[in-house]
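Quick notes on the structure that follows.
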Amino acid sequence: MNRVETGKSTSKGSEGPSVWKGEFAPSMESSSTVKIRPRYGHYIAGGWVAPKAGRYFKTLNPATEEVLCEVAEGSEADVGSAVQAADRAYKDVWSKMSGAERGGYLFRMARLLQERAREFAVLETLDGGKPIKESRDFDLPSACNHLFYYAGWADKLEYAFGKRESRAWGVAGQIIPWNFPLLMAAWKIAPALACGNCVVLKPAETTPLTALLFAEIVEASGLPPGVVNIVTGAGPTGAALVRHPGVKKIAFTGSTEIGKLIAQNSAEFDKRLTLELGGKSAHIIFEDAPIDQAVEGVVQGIFFNQGHVCCAGSRLFVEESISTLFVEKLKRRMETLRVGPPLDKNTDLGAINSKEQLTKIQGLIQRGKEEGALYFETSCKLPDRGYFLRPALFERVSPSATIQREEIFGPVLTVSTFRTPEEAIQKANDTQYGLAAGVWSDKGAKLFEVSRRLKAGVVWANTYNKFDPCSPFGGYFESGWGREGGLHGLYPYREVL
Amino acid sequence: MGVKIRLTNGVLETIPHHPIDSVGVSERAASFTKRSLKKGSKLEALKTMVAMMDLTTLEGADTPERVRQLCGRARQPLPAHLDELVGGVPPVAAVCVYPALVPVAVEFLAETSVQVASVSTAFPSSQVSGELKLLDVQQAVSWGATEIDMVISRNAFLRGDYQTVYDEIVKVKEACGTGAHLKVILETGELGTLDQVYRASKLAILAGADFIKTSTGKVQPGATLPVTLVMLQSIFDHFQQSGQRIGMKPAGGVRTAKEAIAYLCMVYEVLGVEWLTPTLFRFGASRLLNDVLRQILRQVTGSYYNEEVFGSE
């Protein structure tokens, strides 16, 4: 076909200096709304308490490697005072309150958090490195929704547990990860409080700040002192919480490795455990899938939050007949991802959460190359300082390769092919994990059949990473025990009599 | 289902079924509204928008005088003193009018870079005979139109007679000769599903369209981000197969500079920087220009100007 040039010359604007060539000037979210104190203690019994051992650790901005502030390092004694405060609050006040009253506090917290959403979003991005676009449009709205959702359950628990009597456990110990710090705090606190428990929450050591700022929301809501306590620290602080005899219920979200330790540690005590652990989730693309939307789903599935997502779709399986085309489109789409300062509103991938995690991901990438897989990363420029990685994928990955078995928890996808639905199901289920999966096909019957046979807690069809507080979330096998969210999220927080 | 088309060279070509997931398309389309253009980048983008604009008037009440005024604005969007203030605003890409007003526009735009586009093939309904449609095109071209914006026959398309749609576009393309660009309007607001939008896009490209265009502006909805995204993806798929670059024109519905920025970001991310040129991307709009000019003045001076300051036709 011949394309005709127009008779006249092109307009002077078309090639002149004023033509936009896809440049994005920096568009930074202001961080002036956030006041970070130089030093934080623990939040216990409604007040700020210095750590008994007097030790503090630093929390960094992973995008600049600058120290943001110092945070208390929780000792066994600190954990003890927090549990004691929670226990007292439970016995004296919280257990005597009606569900409607408890719900009222949760509603107030949700509203207060909404009002201060921008401030929390900026702090989440500063402390954790995730793009402001995500903390603003995902983390904060989701955290508020969770509080609202469980606020509504607080006075309706009799409908959740059928005709059976139930009661709160008392004190719940909650240990949360660094990938969605505030959202995970809301996931944990909301059902615990709705069910009538008091909590001691331990945020991750690299991202404690939004949980500490949340103490201001707790305070402003008028919640009785001791109902929510926040103790900061690393592994030993968490271990002290797990082993404390006053803690009847442990909820943990984090790595499978630590989850196993917690299971071991709590085995000798009278404790209930919910564990939301790692994943190596499969993303299956059939040849009759809506291709461009599937590419987008794969990109969102693995590169959302730099791949620091327990349910990240990290193992891609593409039907062999379209794999060349699909991977070409995928790589092209990856090239348009913008890696940069997390506070820039145009940033798609922010900083890797910590140096430790960066090293771990780099090690696994190196391992992938050594084991013979074909590596691709995008060509974008990375900031000079901070912990950053380019979005990457591996092709020709062996089923036994380390990168195909182990959770990378970073922006690295593995790509394999399959020939039949049967093979896709077999390969997708070939993992010790079972958190999530995605399936793409235009055929309804195929979607239902395949989804039914995938061993994963969540299966998304023709989409990925959709979350709703009404919907339970959790995994099979080494991805965890129990469910969070929805009606199911209430069960672990009450003892059925 | 795939669609079989007998090409002009006799080959039977299949347009394969290409399912589109409308939820995914809407999400991806919405992501472009989150892009944030600031400072120098924004000013460049705003000026680029002017250079990509098909300034349009398509009313029964259009008169030669009305078209002359439009042409004046097309050549020089801002009064001289303001133009100097903002470092120059380019003329628009084209003026788009009904065929009867082509001679007026041609006369008034002679010696300028601004193209004259004529809507055609019994715009906007396309409900006349094939012969009349061709006559419509031939006349507009002979009167000096350098761009023809034809409408496809939805009458044929919606009853599944894709061959007729294809044949008509081929003949119109022939009638355009070497002097005129062909933009094919799909009237996506009447096609019902995004699967159909993709199919119509492929059909138009296969038949020789230089540009594919969303809408006449006479049907609601006109251009939307999701529909444009699907059309851009069809353009990309064609480029991937053939190496040939087809142009895109969203029309009817883009009213603010803010919306237009989302379109530009989408073109850039889906097709690449090569498409950021008036030869491959246009905005069809009657109301967009004033908002873009106000935003340009805002970027340079820091304050919003009333439209009265730079005039409107």
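The values are calculated or read from the model by the stated rules, or taken from the named source; none is laboratory data. Since we're looking at a predicted model, the values are computed, not measured. Every residue, glycine among them, receives a Cβ derived from its backbone with ideal geometry; neighbour counts consider all protein chains shown. SASA here: full protein model, heavy atoms, side chains in, ligands and nucleic acids out. Shrake-Rupley method; radii C 1.70, N 1.55, O 1.52, S 1.80 Å.
Worth a mention:
- Taking region A:245-307 and the strands (runs of 3 or more DSSP E) fully enclosed by it, the elements with 1 or more residues that are among the acidic types (D, E) and either assigned by TED's automatic domain parsing to the domain that holds A:F138 or touching a residue at least 24 places away in the same chain (Cβ under 8 Å) (or both) are at A:272-276.
- Selection of region A:308-328 for residues being of a type in the set (A, V, I, L, M, F, W, C) and either under 15 Å from the mean Cα position of the chain (by Cα) or not in a helix (DSSP H, G or I) (or both) yields A:V309, A:C310, A:C311, A:A312, A:L316, A:F317, A:V318.
- Here B:V106 passes the criteria (1) surrounded by fewer than 22 Cβ atoms within 10 Å (Cβ to Cβ); (2) aliphatic (A, V, I, L, M); (3) within 20 Å of B:V292 (Cβ to Cβ); (4) within 14 Å of chain A (Cβ to nearest Cβ) except the one numbered (3).
- Members of region A:438-457 that are open to solvent by less than 20 Å² (accessible area, probe 1.4 Å), out of contact with any Gly (no Cβ under 8 Å at 6 or more places or on another chain) and outside any helix (DSSP H, G or I): A:V439, A:S441, A:L454
- When A:R405, A:R419 are screened for being within 21 Å of the chain's Cα centre (by Cα) and open to solvent by 50 Å² or more (accessible area, probe 1.4 Å), only A:R405 passes.
- Output for region B:265-308, where each listed residue is hydrophobic (A, V, I, L, M, F, W, C), open to solvent by 30 Å² or more (accessible area, probe 1.4 Å) and in contact with a Lys or Arg (Cβ under 8 Å, 6 or more places away or on another chain): B:V273
- Considering residues of region A:288-303 that are more than 7 Å from every other protein chain (Cβ to nearest Cβ) and within 26 Å of A:I352 (Cα to Cα) only, the residue most open to solvent (accessible area, probe 1.4 Å): A:Q300
- Taking region A:34-141 and the helices (runs of 4 or more DSSP H) fully enclosed by it, the elements with 1 or more residues that are of a type in the set (D, E), touching a residue at least 24 places away in the same chain (Cβ under 8 Å) and in contact with a strand residue (DSSP E or B) (Cβ under 9 Å, 6 or more places away or on another chain) are at A:76-92, A:117-128.
- Number of residues in region A:422-437 that are under 25 Å from B:P19 (Cβ atoms) and either buried (at least 17 other Cβ atoms within 10 Å of the Cβ) or touching a strand residue (DSSP E or B) at 6+ places or on another chain (Cβ under 6 Å) (or both): the value is 6.
- For B:E59, the conditions (1) more than 24 Å from A:I132 (Cα to Cα); (2) part of a helix (DSSP H, G or I); (3) open to solvent by 30 Å² or more (accessible area, probe 1.4 Å); (4) of a type in the set (D, E, K, R) all hold with the exception of (2).
- For B:A260, the conditions (1) touching a Lys or Arg at 6+ places or on another chain (Cβ under 7 Å); (2) open to solvent by less than 10 Å² (accessible area, probe 1.4 Å) all hold with the exception of (1).
- Candidates B:K47, B:K34: the one that is open to solvent by 10 Å² or more (accessible area, probe 1.4 Å), within 12 Å of another protein chain (Cβ to nearest Cβ) and in a helix (DSSP H, G or I) is B:K47.
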